[in-house]
1. What number of residues within segment 1-25 satisfy the criterion of being under 19 Å from Glu62 (Cα atoms) and either aliphatic (A, V, I, L, M) or touching a His at 6+ places or on another chain (Cβ under 7 Å) (or both)?
2. Filter segment 19-34 down to the residues that are hydrophobic (A, V, I, L, M, F, W, C) and surrounded by fewer than 17 Cβ atoms within 10 Å (Cβ to Cβ) and list them by number.
3. Can you pull out every residue in segment 42-65 that is of a type in the set (A, V, I, L, M, F, W, C), without any contact (Cβ under 8 Å) to a residue 40 or more places away in the chain and out of contact with any helix residue (DSSP H, G or I) (no Cβ under 8 Å at 6 or more places or on another chain)?
4. In the list Ser45, Ser11, Ser37, which residue meets the criterion of being surrounded by 11 or more Cβ atoms within 10 Å (Cβ to Cβ), out of contact with any Leu (no Cβ under 9 Å at 6 or more places or on another chain) and not basic (Lys, Arg)?
5. Which one of Glu36, Glu28 is over 17 Å from Glu61 (Cα atoms) and either among the acidic types (Asp, Glu) or free of Cβ contacts under 8 Å to residues at least 12 places away in the same chain (or both)?
Amino acid sequence: MKILVINCGSSSVKYQLINVETEVVLAEGVAEKIGESFSLFTYKSKKFTKKKAETNLQNHEEAIE
């Protein structure tokens, strides 16, 4: 079984996808500076190295998509 944990702050969204049986973090990321002129999105998984990108996230809904 896998669990998706989401933590929403005032201008950020952090998440982790965790395999419950092995307690291994399968993927994690953060969207920062939501609603500002530019936002930062960072993503890392077991298959991919850490990736960082500038984007334009107007609200938390866009960050979660």
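Bear in mind these aren't lab numbers, they're just calculated from the coordinates by the rules spelled out. Fair warning: this is a prediction, and the values are worked out from it, not measured in the lab. Ideal geometry is used to build each Cβ from the backbone, glycine not excepted, and the neighbour counts take in all protein chains shown.
1. Qualifying residue count, segment 1-25: 6.
2. Val20, Val24, Val25, Leu26, Ala27
3. Phe48, Ala53, listed by residue number.
4. Result of the check over Ser45, Ser11, Ser37: Ser11.
5. From the options Glu36, Glu28, the qualifying one is Glu28.
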